[in-house]
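Encoded as structure tokens, the structure appears first; notes follow it.
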Amino acid sequence: MESTRAKIINLLSSNQDSYISGQEISNQLQISRSAIWKHIKELEKDGYVIEGIRNRGYRILQSPNKVSENTVQWGLNTNWLGKSIIHKESTTSTQHIAHDLATNHADHGTVVIADEQTAGKGRLSRAWYSSKNKGIWMSIILRPSIPPYLAPQLTLLTATVLADVLKKELKLNPKIKWPNDILLQDKKTSGILTEMQAEQDRIQYVVIGIGINVNHEPDDLAEDIQSKATSLKIETGKSWNMTELIQQILLYFEKTYEDFLDKGFSVIKEKWESYGYRIGEVTSIKTFHDVQRAVLTGIAEDGALLAKYEDGTIKKVYSGEIDWFGNT
Ligand code: BTX
């Protein structure tokens, strides 16, 4: 349930340029004027600068430059995504927390965010470096009414959301490297991990983990990834406000997810392919048996990569090794 404090922030932020009177807050939230005043004092302790003028009311002048449940909720324009936010300064992995919450009936759209992960997870038991206050380490709980075999589409969807935010809001030129790396200048700046709890024909819940390197300097990246990873700051030369970025991601995510449920996968497929790294180019694909040249043509409904071989056949690639950076 939304806290009273979050409701006050929402009310104030729906009216960002003008004041909202104590009486109106009191009417809408059914709490006393003195209770409102106490909540405002707590928000100020949280770093909010709130102006209160007699006979006019309150307005937020500035939100704190740190990620918290309140700061993310202030100005978040979604309808259902992020209505419940759990923020931790430090945790093993936001995926762990999200799984715990989801098995305990957390709502569709619950979001878990951490400033730092001490055991961040990548795919296939790989590690994901998540240093303190440098990036966005976040998990989204969804309860989609799609069959389990279509769940990989949610990873592709998430990749298009991140690429859209980087392109449209930050004016960068992101590429999506199949299946789920977001690249800037050929280097990984973001990864996505989708985990699911399902019965044979029904998804109980999905947890989508999103990691984005935001304000890392080159030296903040672990040594073993320095040559292949980057951050938004390294690429743009400036620091980014992580609260605003999270809000944008949640807003784009909600819209894209609704479009996907409405119109199906074709919208996602088209967008994914427009961002796809080396789509339309020839590369080498190494399978168990051999290495063959093929043109990468796009993605299939089940999330596989489509490759057209020299003999004209188009095959799905699920886990073949691709020579991404070679010139074929
Ligand atoms: P992945 O398996 O595609 O990528 C993991 C690989 O990426 C590692 O083996 C390493 O080479 C490289 N790597 C590790 N950390 C970073 C980093 N910070 N930046 C760039 N490259 C890196 C990708 O898995 C899925 C990542 C999901 C991370 C989110 S964060 C929130 C949520 N919680 C959690 O524990 N995981 C997800």
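The values are calculated or read from the model by the stated rules, or taken from the named source; none is laboratory data. What you see is a predicted model, and the numbers here were worked out from it, not measured in a lab. Using ideal geometry, Cβ is built from the backbone for each residue, glycine included, and neighbour counts are taken over all protein chains shown. Heavy atoms of the whole protein, side chains included, go into the accessibility calculation; ligands, DNA and RNA do not. Shrake-Rupley method; radii C 1.70, N 1.55, O 1.52, S 1.80 Å.
Name the residue from 185, 226, 212 whose Cα lies farthest towards the positive end of the charge dipole of segment 174-261, charges +1 on Cβ of Lys and Arg and -1 on Cβ of Asp and Glu.
About the Cα centre, the residue reaching furthest to the positive side is 185.
Loop only per DSSP, at most 16 neighbouring Cβ atoms within 10 Å: give me the chymotrypsin sites (Phe, Trp or Tyr not before Pro) in segment 31-109, ordered by residue number.
80
If we restrict to alpha carbons, what Rg and Dmax does the chain come to, in Å?
Rg and Dmax of the chain, Cα atoms, are 21.9, 78 Å.
What are the ³J(HN,Hα) values, in whole Hz, obtained from phi via the Karplus relation 6.51 cos²θ - 1.76 cosθ + 1.60 with θ = phi - 60°, for each residue of segment 238-253 in sequence order, with x given for Gly and Pro?
Karplus-based 3J(HN,Hα) across segment 238-253 equals 9, 7, 10, 7, 6, 4, 5, 5, 4, 4, 5, 4, 5, 5, 5, 4 Hz.
In whole Hz, with x marking every Gly and Pro, tabulate ³J(HN,Hα) for segment 156-161 from phi via Karplus 6.51 cos²θ - 1.76 cosθ + 1.60, θ = phi - 60°.
5, 4, 4, 4, 5, 5
Among the trypsin sites (Lys or Arg not before Pro) in segment 10-98, which ones are in a DSSP loop with at most 12 other Cβ atoms within 10 Å of the Cβ? Mind listing them? Provide the component values of the computation, followed by the final result.
Working: sites: 33, 38, 41, 45, 54, 56, 59, 66, 83, 88; in loops: 54, 56, 66, 83.
Those that pass, being in a loop and sparsely packed, are 54.
If amide hydrogens are placed 1.01 Å from N in the peptide plane, which non-local residues have theirs closer than 5 Å to the one on residue 205?
So residue 205 has HN proximity to 197.
Restricting to DSSP loop positions (anything but H, G, I, E, B) with no more than 16 other Cβ atoms inside 10 Å of their own Cβ, which GluC sites (Glu not before Pro) remain in segment 279-322?
281, 301, 310
Give the long-range amide H neighbours of residue 188: residues separated by 5 or more places, or on another chain, with amide H under 5 Å away, using H modelled in the peptide plane at 1.01 Å from N.
229, 230
To test your reading of the geometry: what angle, between 0 and 90 degrees and rounded to tens, separates the Cα axis of helix 4-13 from the longest principal axis of the chain?
In the chain, helix 4-13 runs at an angle near 80 degrees to the longest axis.
Of the residues 291, 112, 317, which exhibits the maximal mean-square fluctuation in a Gaussian network model of the chain defined by a 10 Å Cα contact cut-off?
291
Using the crude model of +1 on Lys and Arg Cβ and -1 on Asp and Glu Cβ, and no other charge, please compute the dipole size for segment 67-192 relative to its Cα centre, in debye to 20. Walk me through the intermediate numbers first.
Values: 15 positive and 10 negative charges, 98 e Å.
With only Lys, Arg, Asp and Glu charged at Cβ, the dipole is about 460 debye.
Once both axes come from the Cα atoms, what is the angle between helix 33-45 and the longest principal axis of the chain, in degrees from 0 to 90, rounded to 10?
It is inclined by approximately 50 degrees.
Of the DSSP beta bridges with both residues in the chain, give the percent that are antiparallel, rounding to the nearest 5.
Bridges in the chain are about 85 percent antiparallel.
Compute the accessible area per residue over segment 282-322, keeping the other protein chains in place, probe 1.4 Å, unit Å².
Per-residue value: 59 Å².
For residue 194, what residues show an amide H to amide H distance below 5 Å, using hydrogens built from the backbone and excluding near sequence neighbours?
209
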